[in-house]
Amino acid sequence: MIANCQSCGMPLSKDENGGGTNLDGTLSGEFCSLCYKNGMFVDPDFTAVEMQKHCIQKLQQRGIPRLLAWFMTRGIPKLDRWNTSK
Ligand SMILES: [Zn+2]
């Protein structure tokens, strides 16, 4: 099982729903519940850069300094969702 959401990088252990859901209602194990619902991405038009900005905003709303938020999200473009060369 993958430890981090392959869309936003959040640890799946921190996901209160345990992960996103596939079309058949099972847990995806690859994406978190904020990114992935019922077999579809919640924000299908996001690019990696937009996802990173979105996550930085969310982290700042939770009181995390911008620099630290950037540091925590800088791996996002390398995640499977954005890595189309695979
Ligand atoms: Zn996610």
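Quick note: the coordinates plus some simple rules give every number you see, no bench work behind them. Here the structure is a predicted model, which means the values were calculated and not measured. Note that we place each Cβ from the backbone using ideal geometry, even for glycine, and neighbour counts take in every protein chain shown.
A few notes on this one:
- Segment 12-78: relative contact order as a whole-number percent, Cα under 8 Å and 6+ apart: 21 percent
- Between the amide H of Lys37 and those of Thr21, Val42, distances stay under 5 Å, these residues lying 5 or more places away or on another chain, with hydrogens modeled in the peptide plane.
- Size of charge dipole - the chain - debye, nearest 20, with Cβ of Lys, Arg +1 and Asp, Glu -1, no other charges: 400 debye
- Think of segment 12-78 as a dipole: +1 on every Lys or Arg Cβ, -1 on every Asp or Glu Cβ, centred on the Cα centre; then among Ser13, Leu67, His54, Leu67 lies furthest on the positive end.
- Taking packing as the residue-averaged number of other Cβ atoms within 10 angstrom, the listed peptides 8-19, 57-68, 36-47 run from highest to lowest as 8-19, 36-47, 57-68.
- Per residue, the chain reaches -7500 deg cm²/dmol at 222 nm when only DSSP H runs of four or more residues are counted, each adding -39500 (n - 2.57).
- Cut-off under 5 Å, modelled amide H: who pairs with Asn4 long-range: Leu12
- Neighbourhood net charge (11 Å Cβ-Cβ; Lys/Arg +1, Asp/Glu -1) for Asn22: -1
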